[in-house]
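Working notes, structure below.
The values are calculated or read from the model by the stated rules, or taken from the named source; none is laboratory data. The structure displayed is predicted, hence computed values, not measured ones. Note that each Cβ is placed from the backbone with ideal geometry, even for glycine, and that neighbours are counted across all protein chains shown. Protein only, heavy atoms only, side chains kept; ligands, DNA and RNA dropped before computing areas. Shrake-Rupley method; radii C 1.70, N 1.55, O 1.52, S 1.80 Å.
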Amino acid sequence: KKFEKAIEIAPEFPYAMIEYSKFKFRTGHVHKALELAKNAIRANPENYHAWFSYGISLRKANKAPEAIEPLQKAKELNPEHLPIFNELGRAYTFTGDYEKAEAEFMGALKEEEYPNYRHKIITLQFLADNYKRWAEAFGLRRDSDGQIKMLRLAFERILEALGIAQKDRKLWSQYWGICIDLGI
């Protein structure tokens, strides 16, 4: 009710719609969440955060191909916001465009004066997952050399992430999965 009241008071204020959209998505109302995210873009098409939020919602709704365009628009509007690179890379990973995903993740790893280690861990984790999925694609083509190469890259990236967050259980789980695949 509070979100609806906020939108009623300020119908051209995209942040209220973005936050309401996130809330609706978390409560399982995906269609309404996507509608609200589109409304936020209509309210201010120059707001990179509106495009970013819409792209994330599409990706999380298993609509990765549709997520690419809004994420590219967000990146165009704010090329310095590194989480956009991660989300765009993730969308490319899920569409099987592993090379483009790799390029986005590498862009997200850009050195900063004051590094955000959480962002770096997430990027390395996503990059390792991209390499692992890429290895699976090589495996389906019976290209064991390509598969091993990609698994080794995945292994290197997950080790790098573990070097930052040694106690992260998700990273360890991903590490073990990569080790098993590499061993096989």
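General observations
- Each of the GluC sites (Glu not before Pro) that DSSP puts in a loop and that has at most 15 other Cβ atoms within 10 Å breaks the chain; the longest unbroken stretch is 114-184.
- Taking only the C-alpha atoms of the chain, the Rg (one decimal) and the largest Cα-Cα distance, Dmax (whole number), read 18.3, 60 Å.
- Counting only heavy atoms of the protein chains and using a 1.4 Å probe, Asp97 has close to 50 Å² of accessible surface.
- Whole-angstrom gap from segment 138-184 to segment 54-119, using each part's C-alpha centre: 21
- Total charge dipole magnitude, the chain, about the Cα centre, Cβ charges on Lys, Arg, Asp, Glu only, Debye to nearest 20: 800
- Tail fraction, Cα-Cα pairs, segment 106-170, threshold 14 Å, whole percent: 59
- Heavy-atom accessible surface of the chain, averaged per residue, reaches 58 Å², computed with a 1.4 Å probe.
- The calculated pair-distance distribution of segment 1-53 uses every alpha carbon pair, bins of 5 angstrom beginning at 0, and gives 5, 26, 32, 25, 11, 1 percent.
- Toward the positive end of the charge dipole of segment 1-100, with +1 on the Cβ of Lys and Arg and -1 on the Cβ of Asp and Glu, the farthest Cα among Leu34, Phe13, Tyr98 is that of Leu34.
- Solvent exposure, largest accessible area first (probe 1.4 Å, DNA, RNA and ligands not counted), of Trp172, Trp134: Trp172, Trp134
- When the solvent-accessible area of the chain is split by element, carbon and sulfur atoms take up 53 percent of it, the probe being 1.4 Å.
- Shape call, segment 38-144: gyration tensor on alpha carbons, a/c limit 1.5: oblate
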